[in-house]
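Values in this text are rule-based calculations from the coordinates and carry no lab data. No experiment lies behind these values; they were computed from the predicted model shown. Note that each Cβ is placed from the backbone with ideal geometry, even for glycine, and that neighbours are counted across all protein chains shown.
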Amino acid sequence: MSFTLKYKELNEKREIPNDNYTIKDLLNELELSAQTVVSKQNGELVIEDTVIQNDDEIQIVQIIYGG
């Protein structure tokens, strides 16, 4: 089972290591904080407890702060 990860210039297929693999697990692997990015699963905003399914497209978008 695999999913597609899109983050910045990255666009790659990745294997799902277990049945309960979540957005949070992915962010930890990428050393990203949920406070600095938003995650989308198949185009829909999701929370970090969302389980990644086979053939999902996961997009991670960096939040830009400014003032």
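Before moving on, here are some points about what is shown:
- Residues of the range 43-67 that are part of a loop (DSSP other than H, G, I, E, B) and not small (Gly, Ala, Ser): ILE47, GLU48, ASP49, THR50, ILE52, GLN53, ASN54, ASP55, ASP56, ILE63, ILE64, TYR65.
- Answer from ILE52, ILE64, ILE47, ILE58 - the residue that is in contact (Cβ under 8 Å) with a residue 24 or more places away in the chain and exposed (fewer than 14 other Cβ atoms within 10 Å of the Cβ): ILE47
- Residues (farther than 10 Å from GLU57 by Cα, among the hydrophobic types (A, V, I, L, M, F, W, C) and either touching a residue at least 40 places away in the same chain (Cβ under 8 Å) or not in a strand (DSSP E or B) (or both)) located in the range 1-40: MET1, ILE16, ILE23, LEU26, LEU27, LEU30, LEU32, ALA34
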